[in-house]
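Please read the structure below before turning to the comments.
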Amino acid sequence: MRWRRAFVGLVALLLVAAACSGSGDESNDSSEAGEPVSLDYWVFESGGLAGQFLEQLTTEFEEENPNVELDITAYPEENYGVKLDTAIAAGKAPDLVLVFGPEQMREGLLLPLDDMVSEAGIDLSSYVPSIVTPGDEFSCAYEGQLYCLGSYAGSVQMIYNKDMFDAAGIPYPEPWPPMTPEEFVDTACQLTDAENGVWGGAASDPLAYLPFDMMWSADGRTATGYVNGTDFVHQFEVLASGYEQGCIPTSNIMDPWEQGRDYFARGELAMVITDFQDLDKVEKAGINWGSTGVPTPVGIDPYFFVWTDSVGVMASSDNPEEAMDFIAFLTTRGQEIRYEASGDIPLDLAVADEVNWAGDIPGRHDGLEILSHARPLVFVPNRWDVAGPYYDAWGFVIGGEKTAQEALDDAAPAIQENLDSEWESWEEQGD
């Protein structure tokens with residue numbers, strides 16, 4: 001659950017920048033006639049990002065679309081869904097919304113963007129593939145159509161300290177395919193230097209690298225026998241062994257997501273699976289670093305989380321053309337503006353090359369190669385709540401209260417019950 005909150009919080013923060021930033025388009029008849037057009041855009045509340053990106057995006061967009069005004073309303077994240085549902089029911093939905101998951105796509109509440117993409121000449125073939133391919137809640141596509149786009153690519157990757165690898169005589173991992181979890185733990189133990197306060201590696205829990213796909217069947221409907229199956233149980237045991245050997249810090253010592261890059265930048269951590277951003281912190285510290293995909297068991301298609309500032313157009317919008325023009329601007333020129341303002345990786349990897357995002361830093365080139373392999377997960381509705389008992393199981397294992405098999409055997413029925421309930425709700429909503 002902590003990962004989802006972190007991702008959603010990060011995405012929301014970046015979406016505010018994209019959200020608070022645009023206006024309409026010259027192609028609409030109203031704009032050409034000089035008639036004012038107002039677009040309502042609802043975002044999550046997130047302070048502190050009214051900076052260069054927002055200002056420049058707004059300025060450039062309004063220069064091209066002087067008759068369109070973007071009216072931003074921000075709500076607390078926990079209230080956003082309720083506010084939007086209430087507005088939809090009342091026939092007062094905004095024009096532009098943040099999109100997290102396929103529910104609104106499936107219900108016909110969002111307009112497909114495919115025609116706009118074609119007319120604008122946007123080449124999705126060089127976009128990070130998991131965002132424009134149907135799949136999990138971070139995907140903008142559903143059943144062959146595209147419903148949202150963004151301006152940057154956030155992701156989870158594993159960064160490592162090359163100098164520490166050199167000192168230990170360990171070859172650098174290839175960016176892709178990634179090392180196995182067994183190799184991750186073994187390498188972490190080789191790199192751990194307790195006397196000098198150096199941890200070999202950090203990962204919050206097995207789902208820091210294990211694809212959710214391993215928890216259930218290929219159709220996403222059966223958890224029993226998968227989440228407590230031999231392969232998944234073994235991966236619990238592998239990572240737990242790293243904690244037991246003192247090679248990986250527990251979360252009460254270090255939160256890899258919140259603190260991992262700080263420890264890494266101080267030379268107190270050799271490897272960390274974390275958000276592939278804030279790289280300036282690492283580079284300014286003089287760390288000679290590289291990146292690789294998150295560790296993945298043999299025989300499993302590697303997966304890592306990728307997200308963007310997903311923006312969609314409500315089907316009820318009175319100004320759909322202007323709203324789509326804003327998204328077109330956000331995902332074209334907006335990618336360059338975001339890079340110029342914050343250094344974020346463009347969602348379009350061709351743009352990342354054009355702006356020379358990686359420069360002469362090998363670790364950044366690693367990161368772009370990794371992003372080119374991003375894939376969506378098998379779809380499971382509300383997967384984070386479904387998987388809730390998994391986190392309890394991990395706590396029991398780390399606390400020494402249960403073996404991995406015992407903990408996951410105990411968790412499997414609850415996960416299956418959650419899974420059945422969510423699929424039932426999903427199917428009822430589709431009737």
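Per-structure values
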{"read-out": "Cβ-Cβ under 9 Å pairs, at least 6 apart or on other chains, the range 216-244 side farther than 11 Å from L408 by Cα, far side among the basic types (K, R) and modelled with pLDDT under 95", "value": "G220/R383"}
{"read-out": "Unique residue being out of contact with any Cys (no Cβ under 6 Å at 6 or more places or on another chain) and in a strand (DSSP E or B) when the list is A87, A74", "value": "A74"}
{"read-out": "Hey, R266 among the basic types (K, R) and closer than 30 Å to E424 by Cα or not", "value": "no"}
{"read-out": "So S204, is it assigned by TED's automatic domain parsing to the domain that holds V97, surrounded by 18 or more Cβ atoms within 10 Å (Cβ to Cβ) and either in contact with a helix residue (DSSP H, G or I) (Cβ under 9 Å, 6 or more places away or on another chain) or not in a strand (DSSP E or B) (or both)", "value": "no"}
{"read-out": "Residues of the range 378-390 satisfying the condition of being buried (at least 17 other Cβ atoms within 10 Å of the Cβ) and over 23 Å from I131 (Cβ atoms)", "value": "P389, Y390"}
{"read-out": "The range 208-236, residues that are aliphatic (A, V, I, L, M) and crowded, with 18+ Cβ neighbours inside 10 Å", "value": "A208, L210, M214, M215, A223, V227, V233"}
{"read-out": "Helices (runs of 4 or more DSSP H) completely within the range 97-153 that count 2 or more residues being modelled with pLDDT under 95", "value": "103-106"}
{"read-out": "Residue among A374, A411, A393 that alone is in contact (Cβ under 8 Å) with a residue 12 or more places away in the chain, under 30 Å from E174 (Cβ atoms) and surrounded by 19 or more Cβ atoms within 10 Å (Cβ to Cβ)", "value": "A374"}
{"read-out": "Residues that are within 17 Å of the chain's Cα centre (by Cα) and aliphatic (A, V, I, L, M), drawn from the range 108-148", "value": "V128, I131, V132, A141"}
{"read-out": "Test: residue in the range 187-199 that is in contact with a Ser or Thr (Cβ under 9 Å, 6 or more places away or on another chain), within 22 Å of L371 (Cα to Cα), in the same structural domain as Y391 (by TED's automatic domain parsing) and among the aliphatic types (A, V, I, L, M)", "value": "no"}
{"read-out": "Residue, farthest from V386 (Cα to Cα), within the range 115-150, restricted to residues that are of a type in the set (S, T, Y) and buried (at least 18 other Cβ atoms within 10 Å of the Cβ)", "value": "Y127"}
{"read-out": "One residue from T133, T230 being under 30 Å from D420 (Cβ atoms), out of contact with any Leu (no Cβ under 9 Å at 6 or more places or on another chain) and not assigned by TED's automatic domain parsing to the domain that holds L269", "value": "T133"}
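The values are calculated or read from the model by the stated rules, or taken from the named source; none is laboratory data. No experiment lies behind these values; they were computed from the predicted model shown. Virtual Cβ from ideal backbone geometry, glycine too; neighbours counted across all protein chains shown.
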